[in-house]
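The values are calculated or read from the model by the stated rules, or taken from the named source; none is laboratory data. Keep in mind that this is a model prediction, so the values were computed, not measured. Cβ placement follows ideal geometry from the backbone for every residue including glycine, while neighbour counts extend to all protein chains displayed. Accessible surface areas use protein heavy atoms only, side chains included; no ligands, DNA or RNA. Shrake-Rupley method; radii C 1.70, N 1.55, O 1.52, S 1.80 Å.
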Amino acid sequence: MFRNQYDTDVTTWSPAGRLHQVEYAMEGVKQGSAAVGLKCKTHVVLASVNKASSELSSYQKKLFKIDENIGVAMAGIIADGRVLCKFMRSECIYHQFVFEAPLPVSRLVVQVADKAQVCTQRSWKRPYGVGLLVAGLDEAGPHLYYNCPSGNYYEYYAFAIGSRSQAAKTYLERRFETFKDCSRDELIRHALLAVKESLQDEELKSTNCGIAVVGADEDFHILDGETLQSFIDTLEDNKAEAKEAAPEDPASTSGGGEAGPSAGAAEEPPAEATPMDM
Amino acid sequence: MAHGFKEHATWSPYENNGGTCVAIAGSDYCIVAADTRLSLGYSILTRGHSKLFKLSDTAVMASSGFQADVRTLQKNLEARQKGYYHQHGKPMSCPAMAQLLSNTLYYKRFFPYYSFNVLGGLDTEGKGCVYTYDAVGSYERTGYSTQGSGAELIMPILDNQLKSASPLLYPPRETATPLTEQEALEIVKDTFASATERQIYTGDGLEIVVINKDGIHKEYLDLKKD
C-alpha cells in the first residue's frame, strides 16, 4: 500500500471508504514474528516463533498467561500486546471477584476489541499495533480467537499471524478438519509443524519456538524447554520412520502418521466437512 | 430531658458466626485447622462450612468471626495474589502474604473486617510459619496460635503440650514446635474435641490442612454435633 493524502490521521476517511492508519497497524502485525493457534475438542494450543533481534540478546516473550483458562500469543508491537495483557488479566480477576466464576473467553475478546476500537476513532490516539491469538476454555468449550488492531475479532479452528504466517496457514488449511479429533499431543505436534513452515530454512529447536497449552483438565501453561525439545525430537523420529516406511509400502500407516508432512496427506481418508460442533 | 446514658444503635453491621481456628508450625510443616460449624446466636446455620482458604501452595488462612467479612477478605486476597503472580511471575510467599493481610485489614481500620485470622504455611526456607492477627491487622509471626470462640480454651493446651518455648517470653525466641507432624496432628484433634465439649460455637466437624514440601494434604473428621 502506498502513501496517500488520507493516511496521516486515524480519524480521516479515504475516498474509497478506508482508514489507512488502521490498515497500517494491521501491516505492523504482519511484520512481527509468527504465532500459531489451533484447537481440538478438548485443548487449545498456541505456538510462537521466538526470534532474537541479535545473537547477544534474548527473544521477546510472546506467550502470556491471562488466567488459569486463558492465554495469548501475540505478533507485532509486543509492548502494545503486553499492555493489553495487563488489561485482560485485570478483567479476568475482576470478573472472578464479582461473579465467582471465570470470565468466558468470548466476553473477554469483546472487551479487548472494544478497547482497540476506541483507538481507531480518537484523533489523539493510534491503533494498537499487535494481533492477539486468544486461546481459552470456558463452559462453551475450547476457543481460539484473533483480535485485530482494527477492533474486529474472529473465532478460528486454527490460525496463524505474523511474518511468513501464510506458510503455516497453508499447513493448517489442509488439515484443520482433522484437528477436532486430535489428542493433545498430536495437536502440539501439528502446532510445531505449522511453526516449522514459518521458519522455512531454519531448523526447529526449543530455543527458537514456544508452545503453550490449555485444556479442560490442564491450566494454561507454557511448556518448558525440556518438554518442548522432546516433542521436537518426536517430530524427527516420525519423519525418519515415514522415510523408512515409504519405499516399502507408501500406503501403510507409519507411527503417528499425521505428524510427518509427507505421509500425512496420503493416509488420512478425506474427512467429511462437518460443522465444527464443539 | 435528663438521661445518664448514651443512646445505642439497635442495628449493627456485624454478626458473629463463631468458630475456632488453630495453626501450628513445625520445622518443615504447618498445620492449619478449623471447625466447620457456622452459628448465629443460639442457632446453627450450617454444620459443613469451611473456614480454611488456600491462598497459595505455601499459605493457608483460617478465619472466624463474621462470615460475610471473612469471605470478602478471602476474595480480596485471592485477587491480589493473582495480580502479584502475573506481575512477578511467581506466587506470593507466605511472609509476603502475611504482610498483605495485615495491610488489607488496617486499610479498613475505621470499619474493620470482623475477621479473626491465623495464616499458616511455609516460609521461603521451607520452615513452618504461623502468623496471628487481630481484626485491624496487628500481627506477629509465632510458632502456634488460635483465634475465634474456642481460642481461650485451646491456647493454654497448646502452650502446655507443644514443647516449644513460650511465645510470651522476651526477647522472642523460636516457637515452632519440635514435635513431628503426627504428634502435632493428634494434639490438634484432641484440643478441638475438648473445645467442642465446653463451647457451643465449636463442633460439627474439623477440617485440617497440612502444608509441607509435598504439597497440601487435607483431612476431615467429625466432631460432636450438640
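The accessible-area loss of region A:75-103 on complex formation, taken against its chain alone with a 1.4 Å probe, reaches 20 Å² or more at A:R89, A:I93, A:Q96, A:F97, A:E100.
Within the shell defined by Cβ-Cβ distances under 10 Å, the residues around B:L221 carry a net charge of -2, with Lys and Arg each +1 and Asp and Glu each -1. Around the Cα centre of region A:43-124, unit charges on the Cβ atoms of Lys, Arg, Asp and Glu (plus for the first two, minus for the last two) sum to a dipole of about 220 debye. So, how do all the Cα-to-Cα distances of chain A break down into 5 Å bins, in percent, from 0 on up? The percentages, shortest bin first, are 1, 6, 12, 16, 17, 15, 12, 9, 6, 3, 2, 1, 0, 0.
Using just the helices of chain B, give the 222 nm mean residue ellipticity in deg cm²/dmol: DSSP H runs with n ≥ 4 each add -39,500 (n - 2.57), and the total is spread over all residues, rounded to 500. That calculation yields -9500 deg cm²/dmol at 222 nm. Per residue, the accessible area of chain A comes to 50 Å², computed with a 1.4 Å probe over protein heavy atoms only. A probe of 1.4 angstrom, applied to the heavy atoms of all protein chains, finds B:D159 with accessible area near 70 square angstrom.
Looking at region A:2-66, the GluC sites (Glu not before Pro) that sit in a DSSP loop and have at most 12 other Cβ atoms within 10 Å of their own Cβ are A:E55.
In whole percent, and with a 1.4 Å probe on the protein chains, what portion of the accessible area of region B:24-223 is carbon and sulfur? About 53 percent, which is the carbon plus sulfur part of the accessible surface. Name the most mobile residue of A:E173, A:E197, A:E100, meaning the one with the largest mean-square fluctuation, in a Gaussian network model of chain A with Cα contacts below 10 Å. Fluctuation is largest for A:E100. The 1.4 Å probe gives accessible areas that order B:K163, A:K30, B:K6, largest first, as B:K6, B:K163, A:K30. Think of it as helices only: each DSSP H run of n ≥ 4 in chain A is worth -39500 (n - 2.57), and spread over all residues that comes to -13000 deg cm²/dmol at 222 nm. Pairing chains A and B buries close to 900 square angstrom of accessible surface in total, based on protein heavy atoms and a 1.4 angstrom probe. Counting only protein heavy atoms and using a 1.4 Å probe, the accessible area of A:C92 comes to about 0 Å². In summary, chain B shows an alpha-carbon radius of gyration equal to 1.03 times the 2.2 N^0.38 Å reference for compact globular proteins. Label sites at B:R47 and A:K30, each approximated as a point 7 angstrom past Cα along Cα to Cβ, lie 6.9 nm apart. Taking all C-alpha pairs of region B:1-85, those more than 22 Å from each other amount to 44 percent.
Largest GNM mean-square fluctuation among A:K39, A:K205, A:K169, using chain A with Cα springs under 10 Å: A:K205. In region A:41-183, the C-alpha radius of gyration followed by the widest Cα-Cα span (Dmax) gives 15.7, 48 angstrom. Counting only heavy atoms of the protein chains and using a 1.4 Å probe, A:R82 has close to 130 Å² of accessible surface. Sorted largest first, the principal axis extents computed over the alpha-carbon atoms of the protein assembly as shown equal 89, 71, 48 Å. Based on the Cβ-Cβ distance from A:D201 to B:S138, what FRET efficiency comes out when R0 is 56 Å, to the nearest 0.05? So the FRET efficiency works out to roughly 0.30. Between region B:30-80 and region B:166-223, the alpha-carbon centres lie 16 Å apart.
Think of each Lys and Arg Cβ as +1 and each Asp and Glu Cβ as -1; about the Cα centre, that makes the dipole of chain B roughly 680 debye.
Principal semi-axes of the equivalent ellipsoid, √(5λ) from the alpha carbon gyration tensor of region A:1-74, are 33, 19, 11 Å from largest down. About its Cα centre, the dipole of region A:30-237 is roughly 1100 debye, where the only charges are +1 on Lys and Arg Cβ and -1 on Asp and Glu Cβ.
Sorting B:S149, B:S115 on solvent-accessible area from highest to lowest, probe radius 1.4 Å, gives B:S149, B:S115. A dipole drawn for the protein assembly as shown from +1 and -1 charges on Cβ atoms has a positive end, and of A:M74, A:C85, A:T8 the residue lying farthest that way is A:T8.
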